[in-house]
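J.: Dropping a structure here in C-alpha cells format, bear with me for questions.
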Amino acid sequence: MKQLLSPLYLHKRLSLTLVLLAAFIWSLFSVTWSRDLLHAGGWATTVQILEGLIKPDLSPDILELAVESSWVTVVYAVTGMTVALIIAFVLGVLGSGVLVSSRPVRIVTAGFSRAVLAIIRAIHELVWALLFVAVIGLSPYAAIFALGIPYGGILGRIFADMLNDVPGEPIQALRAAGASRLHCLMYGYLPLIRSNMISYTMYRFECSIRSSAIMSFVGLGGLGYQIQLSLADLHYDEVWTFLFFLIAIVVLIDAWSNSLRKRLVL
Amino acid sequence: MPLIELNNITKQFERKIALSSLSFHVKKGEMVALIGPSGAGKSTLLNTLAGITAPNTGTYLLDGVPIQHYKKRKELAKKIGVIRQQFDLIASLPVIQNVLAGRLGEWGFFKSMLSLFLPQDKQLAANALNRVGLLDKLYDQTSKLSGGEQQRVALARLLVQSPAVILADEPVASLDPARAEDVLAMLTKLVKEEGQTLVMSLHSVEYAKKYFSRIIALRDGEVFFDLPTSEITKEHLAELYLLKEMAL
C-alpha cells in the first residue's frame, strides 16, 4: 500500500515546491522597485567602513580612550562573573540536590533553586541592564548586576546538571567510607567536575566580555559605548580601533582558558 | 558470636528474585570467597551486607546489631569497608586525598575542609601507602596511576578507614592476571595482619581456592554450597557453573 502511494507523496511534494516558488515570484511583483528601496549611499559607506578597517584610527587620543574603555569593559565582565559565580555555586549546588538526603526536601529545594535559576536567566542581560539603569541609574553596579544575574542563572543550571551527571560509584565509595553529604561534595562531586566547571566558566567569561561591551550601549561606558559614539559620528576608523581592542581581549581570554585547561586536563 | 549473621534474606527487584532465603554466618577473622555464575546474586548480597541494599525480608545482624540500627554513617564505616572493581577513586584528586577519604567519617567539617588544602593526618596516609608500596606516589594525581596502582590506593584508603569487615566486589576483575594476583595477595595479607574479616566476590575459582579458607557458592540467589576450601571437589564446581539448559 505504502509503495503504491509513494509516487503520490513525491508528486505532492513537487507540487508544494511549485506553489511556494510561484508565491515567491508573485510576491516580488508587490515590491516597489524604486531607487529608494536600497540605501543610496550604501556603496560609499561600505567603502568607508573598509577604509577604516585598513586604516584604523591609531592616534594617541583614541588609543588612550580604547585602553580606558577596554579596562572598563573587562572590569564589568570580571566583577559581573564574580557575582554570577556566587549565585551559580549556591543555587547550582542546591539545584542539584546532592546535599539533601530526604527525598521530599530535595524535590522542594532543588525544584525551587532550579526555578529561580530559570527565571533569572530567562531575562536577557540587556533587559536586566535597562531595568537596573531605571532603578539605580547609570552606575557601574547596574552593569555588574545586569551581567551577574543572568550569567549566574546560566552557569548555575550547568553546574547543577554537571553535579547530577557525576558517576555514582566514586560517591558511593566515599559514603561507604563514612563521608557525609558535604564531604562528598568537597571530596567527590567538586573535584570530579572541576575541569568541566572551569572550562565552561572560562567560555562564559569570554561571552561576558562581549555582553559587557554590548551592554554599554545603554550608556554604561566601556567599549560598546565608544563604538556607538563613533558610529554616530560616522568615524569608522575609530570604530575599527575599538573593535580590534574587543577582539584582542577575547583572543587573550581564549588563550588564557586554553592554558588553564591544559593544566587541568585529567 | 558471629560478626555477620544472615537469616532468610530475600531480595526482589521488580519481578526478578535476586536473593531467596539466604542464611549464613561469618565469624571474626574469616576469609570468605563468594563464587557463582553471573547473575547469581553476588553483588546484591555484597550490597546487602554493606547496608546499601535493604532486603525485603529476613534479618541481618552485624556484630549482634540489626544493620538498620546503624543510623550514623561513621558508625557503619567503622564496621564495614567496601572495595570495588575500579571506579571508586576520585581521579582528579591527589593520591593522598583519596587515601585520607577513609578518615572522613572521623573528621569534623573544618578538619576535612582544611585537609583539602593542607592534608591532615599525613603520617597515617604515608604509613598506609607505604604498606601497599606506593609511598613515592603520595602527591601524584590519581588519574595518572595504572589500574593496579589505583586498586592499591583503594586498599590504602581501606587501611586508613580500618573497618572490622571488608567487602570486596570483584576487586581484581579489571586487572591483568599478574596485577590481580598482586592485589589479591596484598589484600589478604593486610586483612590477616589487621585481624579483619573479608568477604570477596570473585570470578576466578582458582584465586578463591588459593587465598580463601571458606567458599560460599551462590546460584540463582541461593546458597549452592558453603564449604571449607579443602572440601570442595571438581564435581561441586562443575555443577555450579553448569548451564541451566543443560541441567534441565
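J.: Around A:Glu169, with a cut-off of 10 angstrom between Cβ atoms, what is the net charge of the other residues, counting Lys and Arg +1 and Asp and Glu -1? Each step should come with its number before you reach the end.
T.: On the way: positive: B:Arg84; negative: B:Asp88.
Counting the neighbours of A:Glu169, the net charge comes to 0.
J.: Sticking with this one: Which of the helices in chain B, when you take each full DSSP H run, stretch at least 24 Å along the axis at their Cα atoms and have an average Kyte-Doolittle score of -0.5 or higher?
T.: Working: long enough: B:177-194 (25 Å, -0.08).
For chain B, where a helix must reach 24 Å along its axis and average at least -0.5, the hits are B:177-194.
J.: Among the DSSP beta bridges whose two residues both lie in chain B, what percent are antiparallel, rounded to the nearest 5? Numbers along the way, then the final one.
T.: Numbers: 21 of 38 bridges.
So the antiparallel bridges in chain B amount to around 55 percent.
J.: Within 10 Å of each candidate Cβ there may be at most 14 other Cβ atoms; applying that plus a DSSP loop requirement, which chymotrypsin sites (Phe, Trp or Tyr not before Pro) in segment B:95-195 survive?
T.: B:Tyr139
J.: A further question follows. Which entries of B:Lys42/B:Lys78; B:Lys16/B:Lys42; B:Lys28/B:Lys79; B:Lys137/B:Lys192 show an alpha-carbon separation above 18 angstrom in the structure shown?
T.: B:Lys42/B:Lys78; B:Lys137/B:Lys192
J.: Follow-up. Relative to the present Cα-Cα distance, how much length would full extension add between B:Glu106 and B:Phe24 at 0.36 nm per residue of separation?
T.: Values: separation 82, 0.36 × 82 = 29.52 nm, distance 3.11 nm.
Additional length available on full extension: 26.4 nm.
J.: Another one. Given a Förster distance of 56 angstrom, what is the FRET efficiency for A:Arg194 paired with A:Leu234, based on the Cβ-Cβ distance and rounded to 0.05?
T.: For R0 = 56 Å, the calculated efficiency reads 0.70.
J.: Does segment A:68-149 classify as rounded, prolate or oblate by the C-alpha gyration tensor (a ≥ b ≥ c root eigenvalues; a/c under 1.5 gives rounded; else a/b over b/c gives prolate, otherwise oblate)?
T.: prolate
J.: Where the centroid of each part is defined by its Cα atoms, how far is segment A:173-240 from segment B:130-145 in Å?
T.: Cα centroid to Cα centroid, the span is 36 Å.
J.: Right, next: Can you give the net charge of the other residues whose Cβ lies under 15 Å from the Cβ of B:Lys234, counting K and R as +1 and D and E as -1?
T.: -3
J.: Loop-only GluC sites (Glu not before Pro) in segment B:1-89, please: DSSP not H, G, I, E or B, and at most 13 other Cβ atoms within 10 Å.
T.: B:Glu14
J.: A further question follows. Roughly how far apart, in whole Å, are the Cα centres of segment A:14-68 and segment B:74-97?
T.: For segment A:14-68 versus segment B:74-97, the Cα centre distance is 63 Å.
J.: Once R0 is set to 35 Å, what does the formula 1/(1 + (r/R0)^6) return for the Cβ-Cβ distance between A:Glu68 and A:Val47, expressed as a FRET efficiency to the nearest 0.05? It would help to have the intermediate numbers written out before the result.
T.: Values: r = 30 Å, r/R0 = 0.86.
Plugging the Cβ-Cβ distance into 1/(1 + (r/R0)^6) gives 0.70.
J.: I want the local charge near B:Ser23. Using Cβ-Cβ distances under 12 Å, sum +1 for each Lys or Arg and -1 for each Asp or Glu among the other residues.
T.: My count for the surroundings of B:Ser23 gives -3.
J.: Check B:Ile83: other-chain or 5+ apart residues with amide H under 5 Å from its amide H, H built from backbone geometry?
T.: Excluding prolines and chain starts, which carry no amide H, the hits are B:Leu167, B:Ala168, B:Asp169.
J.: Ranking A:Met215, A:Met162 by Cβ neighbours within 10 Å, fewest first, what do you get?
T.: A:Met162, A:Met215
J.: Enter the mean number of other protein chain beta carbons within 10 Å of the beta carbon of each residue in A:166-175, as an integer.
T.: Average neighbour count from other chains, rounded to a whole number: 6.
J.: For chain B, which longest stretch is free of loop sites, where a loop site is one of the trypsin sites (Lys or Arg not before Pro) that DSSP puts outside H, G, I, E and B and that has at most 10 other Cβ atoms within 10 Å?
T.: Details: sites that count: B:Arg15, B:Lys71.
Counting only loop sites that pass the neighbour cut-off, the longest clear stretch is B:72-248.
J.: Something else: So for the pair A:Arg261, B:Arg15, with labels modelled 7 Å out along Cα→Cβ, what separation do we get in nm?
T.: It works out to 4.9 nm between the two label points.
J.: Calculate, in nm to one decimal, what A:Val251 and A:His11 gain on full extension: separation in residues at 0.36 nm each, minus their alpha carbon distance. Write out the running numbers ahead of the final one.
T.: On the way: separation 240, 0.36 × 240 = 86.40 nm, distance 5.20 nm.
Computed gain between A:Val251 and A:His11 is 81.2 nm.
J.: How many Cβ atoms of partner chains, on average, are near each residue of A:179-187 if near means within 10 Å of its Cβ?
T.: Values: counts 10, 8, 1, 4, 8, 3, 0, 7, 11.
Counting other chains' Cβ atoms within 10 Å and averaging over A:179-187 gives 6.
J.: Per residue of A:149-155, what is the mean number of Cβ atoms on other protein chains within 10 angstrom of that residue's Cβ? Walk me through the numbers before you get to the answer.
T.: Values: counts 0, 0, 0, 0, 0, 0, 0.
Mean shielding count: 0.
J.: Now for a different question. Would you please state which residues of segment B:77-99 a label at B:Glu194 would reach in this model, taking the label point 7 Å out along Cα→Cβ and a backbone N cut-off of under 14 Å?
T.: Answer for this model: B:77-84, B:99.
J.: Please report how far the C-alpha centroid of segment B:167-215 lies from that of segment B:1-71, rounded to the nearest whole angstrom.
T.: Taking the Cα centre of each part, segment B:167-215 and segment B:1-71 sit 19 Å apart.
J.: Now a separate question. State, as an integer percentage, the relative contact order of segment A:59-264 based on alpha-carbon contacts under 8 Å between residues 6 or more apart.
T.: Relative contact order comes out at 29 percent.
Laboratory data are not the source of any read-out in this text; all were calculated from the coordinates shown. Bear in mind the structure is a predicted one, so any value in this text is a computation, not a measurement. When we count neighbours, we look across all protein chains shown, and the Cβ atoms used for this are built from the backbone with ideal geometry, even at glycine.
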